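Every read-out reported here was derived from the displayed coordinates using simple, explicitly stated rules and does not represent laboratory data. In this text the structure is predicted, and so the values were computed from the model without any measurement. FYI the Cβ positions are ideal-geometry reconstructions off the backbone, even for glycines, and counts take in every protein chain you see.
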Amino acid sequence: MGRNVKKSVGKNKYVFVFWMLLAITLAGGIFTKIYLNLEKGERDTDKIRIVTSFYPIYIAARNIVDGSGEVILENLSEPQTGCMHDYQLTPQDMITLSKADLFLVNGGGIEGFLADIGKSYPNLSIRMATEGLPLLEANAHGWMDTQVYAGMVENIADAVSGMDSGNASLYQENASAYCEKIELLSSQIEEIKDALPDGENVVVFHEAYEYVAEQYGLSAVYCLDLDEERQVGAGEAADLLEEIEKNQVSVILAEELYGKDMGKTVEKETGSKVYYLDTLVRGAYDKDSYLEGMQKNIDIMKRALQ
Ligand SMILES: [Zn+2]
């Protein structure tokens with residue numbers, strides 16, 4: 001009897017193993033099928049995958065590819081990331097880039113990780129929006145000058161046209177239409193500039209505003225770069241106050257996010273007034289967000305310089 005029991009347990013064991021193997025085989029097959037379908041869906045046949053590095057480049061590219069069914073446009077960073085000076089690529093970024101055909105960046109050193117990308121993805125086409133445009137020395141925040149930005153839009157349109165020549169005329173038309181809107185901003189700035197005495201002194205709390213100063217014909221006598229959360233040392237603060245007094249600065253351009261504390265201090269200690277502009281590196285993924293943000297900046301500058 002004991003032998004019979006043992007035999008029946010042994011038989012059950014084989015049945016169990018058999019069912020286990022069958023289950024594993026079936027599950028494996030199902031997962032493989034799901035995976036292959038996903039891959040097929042993701043590849044989406046011959047669509048062109050364009051990835052932008054950060055917000056202002058994404059918004060420009062979005063205007064260019066508008067109405068094209070041939071392009072999938074993605075942004076590498078989150079819409080709230082801001083400038084990419086110290087940005088580290090995430091594993092998800094690397095997956096995104098490995099599938100991309102074209103990587104549109106600002107250039108000029110803002111994307112510090114760019115050297116690694118060229119090595120890791122030798123077949124990825126990388127184009128710099130600021131290529132050939134007049135940038136300030138060691139400062140690539142060119143989108144803050146509407147005329148430089150218009151040049152970036154044209155560069156992006158050329159890069160996208162090169163990838164998808166069949167729709168080149170659409171991309172070029174989109175670029176012209178968008179540049180016309182940008183031109184309306186440029187002419188407002190020109191008007192403000194013309195009404196000013198030449199070279200009024202200002203202080204900026206962000207490198208990006210050196211472009212604003214330049215376009216309005218102002219002279220940025222001091223830049224306290226508050227591009228991120230950081231402590232301003234006592235010596236640095238003293239230098240700042242001294243420069244404001246010495247150059248009779250009455251207007252300071254700052255960013256709300258990182259410049260507010262110093263802005264309050266400076267307004268208390270000197271006779272100057274701080275105006276908070278948008279660096280246009282964060283916001284909603286909206287086609288017109290650059291135009292709207294820049295218009296707000298222009299309205300603030302009008303008040304500041306009256
Ligand atoms: Zn920056």
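Go through 188-199, 56-67 and give me the packing order, highest mean Cβ count within 10 Å leading.
Details: 188-199: 12.7, 56-67: 23.1.
Averaged packing, sorted descending, gives the order 56-67, 188-199.
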In whole Hz, what ³J(HN,Hα) sequence does the stretch 69-75 give by Karplus (6.51, -1.76, 1.60; θ = phi - 60°), x for Gly and Pro? x, 8, 10, 10, 9, 10, 10
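Could you work out Rg/(2.2 N^0.38 Å) for the chain, with Rg from alpha carbons only? Show your work: numbers first, answer last.
Details: Rg = 27.6 Å, N = 306, 2.2 N^0.38 = 19.4 Å.
So the chain has a normalised radius of gyration of 1.43.
Among 157-168, 173-184, how do they line up by average Cβ neighbours within 10 Å per residue, starting with the highest? Mind dumping the intermediate values first?
Values: 157-168: 17.7, 173-184: 16.1.
So the peptides 157-168, 173-184, ranked by packing, come out 157-168, 173-184.
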DSSP-defined antiparallel bridges as percent of all bridges, the chain, nearest 5: 5
In the stretch 195-305, how many lysine pairs have Cα atoms under 30 Å apart, counting only pairs 8 or more places apart or on different chains? 19
On each of the three principal axes of the Cα atoms of the stretch 195-305, give max minus min coordinate, whole Å, ordered largest first. 42, 35, 20
Qualifying trypsin sites (Lys or Arg not before Pro) for the stretch 204-280 [loop in DSSP, other Cβ within 10 Å: at most 15]: Arg230
Zone of Ser98's modelled label, taken as backbone nitrogen in the stretch 113-131 under 12 Å from a point 7 Å along Cα→Cβ: 121
Between Gln231 and Phe18, what is the FRET efficiency for a Förster distance of 45 Å, r being their Cβ-Cβ separation, to the nearest 0.05? 0.10
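Would you please classify the overall shape of the stretch 117-176 from the alpha carbon gyration tensor, given that a ≥ b ≥ c denote the square roots of the eigenvalues, rounded means a/c under 1.5, and beyond that prolate means a/b larger than b/c while oblate covers the rest?
oblate
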Report relative contact order for the stretch 195-305 in percent, whole number only (criteria: Cα-Cα under 8 Å, sequence separation at least 6). 24
Provide, for q = 0.22, 0.26, 0.27, 0.30 Å⁻¹, the log10 of I(q)/I(0) from a solvent-free Debye sum over equal Cα point scatterers in the stretch 186-246. -0.89, -1.06, -1.10, -1.22
Sorted by chain and then number, the residues having a modelled amide H within less than 5 Å of the amide H of Ala220, at least 5 places away or on another chain, are Val202
List the residues whose amide H sits under 5 Å from the amide H of Ala140, counting only those 5 or more places along or on another chain, with H placed 1.01 Å from N in the peptide plane. none
